Structures are given as C-alpha cells and as structure tokens.
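Here the structure is laid out as structure tokens; the discussion comes afterwards.
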Amino acid sequence: MPLSLPDPHILLILCPLVFLGSFVDAIAGGGGLITLPAYLLCGLPAHLAIGTNKMSSMVGTAFSCGRFVRSGYVDWGLAVPAAACSLAASVGGARLSMLLPEERFRVVLMVLLPVVAALTLRRRALLPATEEMPRGRRRAVMCCVALACGVYDGFYGPGTGTFLILGLSAFARLGVTDCAGQTKVINLASNVSGFATLALAGQSWIALGAVASAFSVAGHLLGAGMVMRGGSRVVRPIILLVLAILFAKTALEMAGLA
C-alpha cells in the first residue's frame, strides 16, 4: 500500500476524470467506466487501481445515497436485505480478484472492458413506474440481483450501478425512481465491503483515494437527482474515448511497446 503523496501530474489526470465519472454515475450509473480507467491511465497496477477506485467511489456514493434517503426514495424493508447480500458477495468477489496474478488480471481487464462498456451503453428503457409484485417475492428477487452484482462489484466494479438498475427494473419490476434509490444503498454496501477487503490486503492508495474522494463527492452531489435529457449523447462518447485510450495503453504494455 503506497504511503507517499501522489505526484501533481497524477492528480491533474485523475481528478477531472473522477469528477466526470462520479457525475455520470449519480445520474445513470456506469461512472466506473471512466474512474477506473483513470486510475489505470495514471500507471497504478490493476489491483491497486481497483482498491483505490473503490475508496473514492464509496465516499461519493455515500453522499448521493444520502440525497436519495432524504428525498424518501429508499424503501428500507427492501433495501437492507439486498444490501446485506451485496456486502457479503462483494467480499467474495474482491478475494477472487486478488487470486489472479497481475499479468493475468490485465488480460481479464482487456476482455471485460469492451464487454461491460457494450452492455452498459446499450441499456434498455426502464419501467416508468413500479409494478405490482408480492413484497416477499420482490425482496427475494432483489437479493438475487444484489448477490450477482455484488460479486461483480468486488471483482471488478465498473457498470455495477447500471446493472443493478437494469436488474431491479427487469426482475423486481421497480420503476426508475425506486430503482435509483435502492441501487444507491445496495451499491454503497458493495463498495464498502470491496474497499475494506482490498485495503486490508494493501491494495488501496489511501492518500490518492482521499484526494480523489473530494472530486467524487462534488460529482455525485451535482449529478444526484438531475434529469439530463439527451445526456447520453455527451456521456457515451466520453466513456468510449477513455476506454479506447486505456485499451490501447494496456495492449501496448502487454506487447512490451510501452
């Protein structure tokens, strides 16, 4: 775990991208497709990048989650059991990721990045309003969705918020507003456990994560609750550009050319 303060040039690259990714994440999820590549572009090893990204994402998500709670969009009877499942599953996912050597994990990232980007950017329309479903059944379905997304969040992370929203809408039949509220609580739980697991293993740069967290909070606070018509026309090209740069950088490093 690095104990030194980050170089200024790292902050100049990282902080604006963390702010942008957090802003996107608060609105529609998928901000990790910007923030994690930002850490990797700064030269952090894959496991350390994921652990540090978990820290700034956790802090920013906590603030946007608070806004949803204050606005009354969280049903605690549904959110708490799902969050508990997500928390436990994220620990398993984080431990699984640390079993892979750095070289192999970079190969996994090369495969996951374009797949996750494609799934996230092709998100389907959400239900406008919550549909009728027995409460016990809805709680069980939400726990299943949270378990699956929690494992993924602990192992990798980017796109988890979007996957949760899509899963809760498709299977738990929640409307878009209810999806957003429950998703923030569930995602926060998986972020906390994933970060704790990686940090205890020395895979988090606390000083860098603390600075990035301030920009994450600003992005989440600005984006939470905002309705951006046609926002995807701006967000999608930015995500694709960052992913393309990261993909090229990783490919060159694996080929020994960078």
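Some observations on this one:
- Qualifying residue in segment 127-138 (condition: surrounded by fewer than 24 Cβ atoms within 10 Å (Cβ to Cβ) and of a type in the set (Asp, Glu)): yes
- Any chance residue 207 is surrounded by fewer than 18 Cβ atoms within 10 Å (Cβ to Cβ), part of a helix (DSSP H, G or I) and in contact (Cβ under 8 Å) with a residue 12 or more places away in the chain: yes
- Some residue of segment 42-59 being at pLDDT below 85 and of a type in the set (Gly, Ala, Ser): no
- Filter result (outside any helix (DSSP H, G or I) and within 23 Å of residue 58 (Cβ to Cβ)) within segment 160-187: none
- Out of 164, 198, 174, sole residue that is within 16 Å of the chain's Cα centre (by Cα), surrounded by 22 or more Cβ atoms within 10 Å (Cβ to Cβ), farther than 28 Å from residue 10 by Cα and modelled with pLDDT of 85 or more: 164
- Only one of the numbered conditions (1) within 17 Å of the chain's Cα centre (by Cα); (2) modelled with pLDDT of 90 or more is violated by residue 76, and that is (1).
- Search result, residues across segment 116-151 that are assigned to a helix (DSSP H, G or I), among the aliphatic types (A, V, I, L, M) and modelled with pLDDT under 75: 116, 117, 118, 119, 121
- Some residue of segment 148-163 being over 30 Å from residue 48 (Cβ atoms) and of a type in the set (Gly, Ala, Ser): no
The values are calculated or read from the model by the stated rules, or taken from the named source; none is laboratory data. It should be emphasised that the depicted structure is a prediction, and the values quoted were computed from it without experimental measurement. Heads up, the Cβs are rebuilt from the backbone with ideal geometry, glycines too, and the neighbour counts pull from every protein chain shown.
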